[in-house]
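The values are calculated or read from the model by the stated rules, or taken from the named source; none is laboratory data. Remember, it's a predicted structure, so these values are computed and weren't measured experimentally. Here the Cβ positions follow ideal geometry from the backbone for every residue, glycine too, while neighbour counts run over all protein chains shown.
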Amino acid sequence: MNEILIMILCTLGALFILIASFGIYKMPDFYTRLSVTIKAATLGIGCILIAASMHFSDFSVTTKAFAIILFLILTSPVAGFLIGRVAYRTGTRLWKFSIMDELKKDQVERSEKERLKKKALKKAKTEDSENQ
Amino acid sequence: MNVENYLMYGVMPIICLALFFIMMRFFKGPQIVDRVVALDLLITIGVGFIALFSLITDNPVFLDVAMILALIAFLSTVAFSYYISKIKKK
């Protein structure tokens with residue numbers, strides 16, 4: 001029973017990893033590639049590590065395996081967010097068929113706000129110098 | 001059918017195929033960010049590879065290496081993103 005469960009979990013994990021790799025190979029632009037890899041890889045590694053903890057059924061090994069799973073689940077979204085943000089800032093293009101770009105609108109609004117702020121600052125400075 | 005044999009001849013080839021696809025992307029990747037993501041995924045799958053290997057050889061010591069590798073994957077991605085944002089700003 002235990003062995004069958006281990007086999008099923010390992011196969012499931014390997015299939016998730018295969019889907020992630022196929023996604024990173026076939027997807028058309030950087031952002032879709034990023035979204036495919038993070039989810040599938042985390043799930044696949046989780047399945048394989050749970051299978052390992054079932055096979056050894058030892059307290060220290062189980063703790064280690066679950067620590068790795070927790071660490072991966074915590075860190076891989078953060079890493080994906082960071083690299084996606086840097087890619088957008090450095091001007092990676094979106095796919096030509098993508099329909100939404102909310103960050104662009106956000107950035108335009110922010111730059112407008114900064115421009116107004118700079119203008120007000122300049123105005124205050126000139127008024128100051130005139131008063132002196 | 002033995003579990004070790006199944007893992008060796010059934011599951012390992014699937015993961016090797018996955019590693020092959022990711023290596024293709026790593027060599028092809030049009031930009032540097034694509035390569036960074038491919039490298040991150042390569043190391044993450046290395047963790048799973050090591051876990052499977054420790055299952056096959058029935059030796060739980062290898063899981064320590066997997067833990068360190070998971071740490072290094074996160075660190076390398078953060079460092080690369082910092083580096084890219086610095087060089088593109090100039």
Q. Just wondering, is there one or more residues in the stretch A:91-103 that are at the interface with another protein chain (Cβ under 7 Å from one of its Cβ atoms) and surrounded by 13 or more Cβ atoms within 10 Å (Cβ to Cβ)?
A. yes
Q) Residue check, A:Thr63 against (1) touching a helix residue (DSSP H, G or I) at 6+ places or on another chain (Cβ under 9 Å); (2) outside any helix (DSSP H, G or I); (3) exposed (fewer than 13 other Cβ atoms within 10 Å of the Cβ), all met but one. Which one? A) (2)
Q) Condition test on A:Ser21, is it in the same structural domain as A:Arg89 (by TED's automatic domain parsing), hydroxyl-bearing (Ser, Thr, Tyr), under 17 Å from B:Ala73 (Cβ atoms) and modelled with pLDDT of 90 or more? A) yes
Q.
Could you check the stretch A:24-56 and list, in sequence order, the residues that are more than 21 Å from A:Thr75 (Cα to Cα), under 19 Å from the mean Cα position of the chain (by Cα) and facing chain B (nearest Cβ under 9 Å)?
A. A:Tyr25, A:Lys26
Q: Evaluate the stretch A:34-56: report whether one residue or more is surrounded by fewer than 16 Cβ atoms within 10 Å (Cβ to Cβ) and either closer than 30 Å to B:Glu4 by Cα or at pLDDT 90 or above (or both).
A: no
**Q.** Index of the failed condition, A:Leu116 passing every other in (1) within 25 Å of the chain's Cα centre (by Cα); (2) assigned to a helix (DSSP H, G or I); (3) modelled with pLDDT of 85 or more
**A.** (1)
Q: Among residues belonging to the stretch A:61-90 that are within 8 Å of the chain's Cα centre (by Cα) and of a type in the set (A, V, I, L, M), point out the one that is farthest from the other protein chains (Cβ to nearest Cβ).
A: A:Val78
Q | Which listed residue is hydrophobic (A, V, I, L, M, F, W, C), within 23 Å of B:Tyr9 (Cβ to Cβ) and crowded, with 22+ Cβ neighbours inside 10 Å, from A:Ile24, A:Ile17 | A | A:Ile17
(Q) Pairs please, first residue from the stretch A:100-119 and touching a residue at least 24 places away in the same chain (Cβ under 8 Å), second anywhere and part of a helix (DSSP H, G or I) and not hydroxyl-bearing (Ser, Thr, Tyr), Cβ atoms under 9 Å, 6+ apart in sequence or on different chains. (A) none
Q) Which of the residues that make up the stretch B:15-51 are assigned to a helix (DSSP H, G or I), more than 8 Å from chain A (Cβ to nearest Cβ) and not hydrophobic (A, V, I, L, M, F, W, C)? A) B:Lys28, B:Arg35, B:Gly46
Q.
I'd like to verify a number: residues in the stretch B:52-87 that are within 12 Å of A:Leu49 (Cα to Cα) and either outside any helix (DSSP H, G or I) or not hydrophobic (A, V, I, L, M, F, W, C) (or both), how many?
A. 2
